Amino acid sequence: MTQDIHAPDGPGASPRRGLDRRTVLRGATLGAAAPLIPAASAAAATATAGRDRGGERAARSVSFRWLGTAGWRIDVGGRTVLFDPYLTRFRTGLFDDGLDPKTELTTDPTVVDAHIGRPELVLVSHSHWDHLADVPYIAKTTGARVIGTETTYHLLTALGVDPGQISVVKGGEVLDIGTVTVEVVPGLHSRNKNCAYFAPGTLNAPPAKVPGTIADLPEGDTLAFQVTAGEHGPSAFLMGASDFSERAVRGLRPDLAMIAVPTATGTTHRYVPRLLDALEAPGVVVPVHWDNFELPLTGSPVRDPAMDLDAFLAQVGKASAASRIVVPDYRTVYDGDMRPAHR
């Protein structure tokens, strides 16, 4: 295992997975009659045929920016995809004297505009405020298409987003969107020591009133997404909460896995080893949702005291020793191998 922390310029221990392995698996996902190839053969292909046919070039044509919390900006061939873009990061008391459910929803356009570019697509894992709160502004000002659950649909339309901009998904869809393929994965929300979480519930109709507080944004089911850039990848598995359906993620085999860190008191049984086994040891593991998301996106991330990042990193190293770990920061632009793009 090689671990890159905050300034991941160090040498990596594992090459990115090759084109052959990912292409066969994508065909299997779509129901193509293609045989699976052994992991060892795929690893060898990474260093030869995969990169010769454009894998390395493709990795350098993709960029990833961590937006804090679970959020990402992915740029592929001049197109921008956002995942869970929560940028305003207003205070709710969560990291101070206790969460105030009546905290008003707020968006700071100056902050949001500085980070999002001109997105064409916004992927939303679930509807809690630290994932959805800035999405109405982004959708209305950029015209980006939003992909999310039925709950996300009803909340966004109540907040003034054109229903025609929103695509409702359930999980299992494989969407061909120009230069990216988006596979929607049924997911689960993480739970605390009481096996509960904030603002559960779903909407199958518009809310009774326009949402105005964080309590007005229920979870509304949780999704994960696997985004594959172009013909040669890379593929990135994106999580918005630290739980998962083992059967739903098995066989995805992403190059990059952006994995939500669980709380120290989380109740998901053997979360890290089960997930990494189901994903079949991603080439790169990137921990997310471990920062204090009520502080501005400036400087270095400050850890959420409820998250045991060190324990998570140790578990990844034990469960998937071949995976390279990249602990991201806010200021670095990464290429498709999750190395600084300026190299």
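Structural remarks
- Selected residue (only one of 306, 311, 319 is closer than 30 Å to residue 106 by Cβ, in contact (Cβ under 8 Å) with a residue 24 or more places away in the chain and small (Gly, Ala, Ser)): 306
- Looking only at residues of the range 248-270 that are under 19 Å from residue 225 (Cβ atoms) and out of contact with any helix residue (DSSP H, G or I) (no Cβ under 8 Å at 6 or more places or on another chain), we find that the one that is surrounded by the fewest Cβ atoms within 10 Å (Cβ to Cβ) is 248.
- Residue in the range 215-225 that is in contact with a helix residue (DSSP H, G or I) (Cβ under 7 Å, 6 or more places away or on another chain), of a type in the set (Val, Ile, Thr) and at pLDDT 95 or above present: no
- The residue of the range 95-133 that is surrounded by the most Cβ atoms within 10 Å (Cβ to Cβ), among those that are in contact (Cβ under 8 Å) with a residue 12 or more places away in the chain and among the β-branched types (Val, Ile, Thr), is 124.
- Residue in the range 322-339 that is modelled with pLDDT of 95 or more, small (Gly, Ala, Ser) and farther than 23 Å from residue 62 by Cβ present: no
- Those residues of the range 79-94 which are on the phi > 0 side of the Ramachandran plot and in contact (Cβ under 8 Å) with a residue 60 or more places away in the chain, in sequence order: 84, 89
- Once the range 154-187 is narrowed to residues that are aliphatic (A, V, I, L, M) and touching a residue at least 60 places away in the same chain (Cβ under 8 Å), the residue that is surrounded by the most Cβ atoms within 10 Å (Cβ to Cβ) is 155.
- Residue ID - modelled with the highest pLDDT, chosen from residues in the range 226-247 that are polar (S, T, N, Q) and under 20 Å from residue 261 (Cβ atoms): 226
- Only listed residue being among the charged types (D, E, K, R), at pLDDT 95 or above and out of contact with any Leu (no Cβ under 8 Å at 6 or more places or on another chain), chosen from 130, 134: 130
- The residue that is nearest to residue 300 (Cα to Cα), among those in the range 68-79 that are part of a loop (DSSP other than H, G, I, E, B) and modelled with pLDDT of 95 or more, is 68.
- Number of the condition not met by residue 141 [criteria: (1) farther than 18 Å from residue 71 by Cβ; (2) β-branched (Val, Ile, Thr); (3) out of contact with any Leu (no Cβ under 7 Å at 6 or more places or on another chain)]: (1)
- Close pairs from the range 210-225: first on the phi > 0 side of the Ramachandran plot, partner surrounded by fewer than 24 Cβ atoms within 10 Å (Cβ to Cβ) and among the acidic types (Asp, Glu), Cβ under 9 Å, at least 6 apart: 220/150; 221/150
- The range 80-188 holds helices (runs of 4 or more DSSP H) entirely within its bounds, and those carrying 3 or more residues that are farther than 23 Å from residue 230 by Cβ and of a type in the set (Ser, Thr, Tyr) map to 150-158.
- Residues that are at pLDDT below 95 and either touching a helix residue (DSSP H, G or I) at 6+ places or on another chain (Cβ under 6 Å) or hydroxyl-bearing (Ser, Thr, Tyr) (or both) within the range 162-194 comprise 179, 190, listed in sequence order.
To keep it simple, each residue is scored yes or no on (1) charged (D, E, K, R); (2) modelled with pLDDT of 95 or more; (3) in contact with a Phe, Trp or Tyr (Cβ under 8 Å, 6 or more places away or on another chain); (4) farther than 24 Å from residue 99 by Cβ.
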residue	(1), (2), (3), (4)
263	no, no, no, no
270	yes, no, no, yes
276	no, yes, no, yes
291	yes, yes, no, no
298	no, no, yes, no
301	no, yes, yes, no
308	yes, no, no, no
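The values are calculated or read from the model by the stated rules, or taken from the named source; none is laboratory data. Here the structure is a predicted model, which is why all the values come from computation and not from measurement. Neighbour counts run over all protein chains shown; Cβ positions are idealised from the backbone, glycine included.
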